[in-house]
Amino acid sequence: VKRPSGMSSLLGKISSKKQKMSTLEKSKLDWESFKEEEGIVEELAIHNRGKDGYIERKAFLERVDHRQFEIERDIRLSRMKP
């Protein structure tokens with residue numbers, strides 16, 4: 001009996017193994033199923049779009065950071081010698 005050798009046998013061994021689910025993937029699936037079971041998908045979407053939502057706060061902080069950068073840039077440019 002001839003054994004396969006080289007890359008083809010190595011690739012065969014790798015592809016024949018089951019891929020394990022990572023902790024992050026499992027957590028994501030668990031969270032999605034929990035939201036569906038509890039019926040809170042729409043409620044979460046509405047809350048995240050609101051004034052107190054995570055996405056809105058993140059966008060606000062990015063705007064503030066950009067505005068602060070522009071102010072500091074203008075100050076640096078005004079101090080430069082022509």
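See the values below:
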{"quantity": "Flag if L29 is surrounded by 10 or more Cβ atoms within 10 Å (Cβ to Cβ), at pLDDT 90 or above and in a helix (DSSP H, G or I)", "calculated": "yes"}
{"quantity": "Top-ranked residue of the range 33-58 - restricted to ones that are assigned to a helix (DSSP H, G or I) and in contact with a helix residue (DSSP H, G or I) (Cβ under 8 Å, 6 or more places away or on another chain), ranked as least open to solvent (accessible area, probe 1.4 Å)", "calculated": "K35"}
{"quantity": "Hey, L61 among the aliphatic types (A, V, I, L, M), more than 26 Å from the chain's Cα centre (by Cα), modelled with pLDDT of 90 or more and assigned to a helix (DSSP H, G or I) or not", "calculated": "no"}
{"quantity": "Cross-chain or 6+ apart pairs with Cβ under 7 Å, the range 54-77 first and within 30 Å of E43 (Cβ to Cβ), then open to solvent by less than 100 Å² (accessible area, probe 1.4 Å) and assigned to a helix (DSSP H, G or I)", "calculated": "Y54/N48; I55/N48"}
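The values are calculated or read from the model by the stated rules, or taken from the named source; none is laboratory data. Bear in mind that the values here come from a model prediction, so they are computed numbers and not experimental data. We place every Cβ from the backbone using ideal geometry, glycine too, and count neighbours over all the protein chains shown. Surface areas here come from the heavy atoms of the whole protein model, side chains and all, with no ligands, DNA or RNA. Shrake-Rupley method; radii C 1.70, N 1.55, O 1.52, S 1.80 Å.
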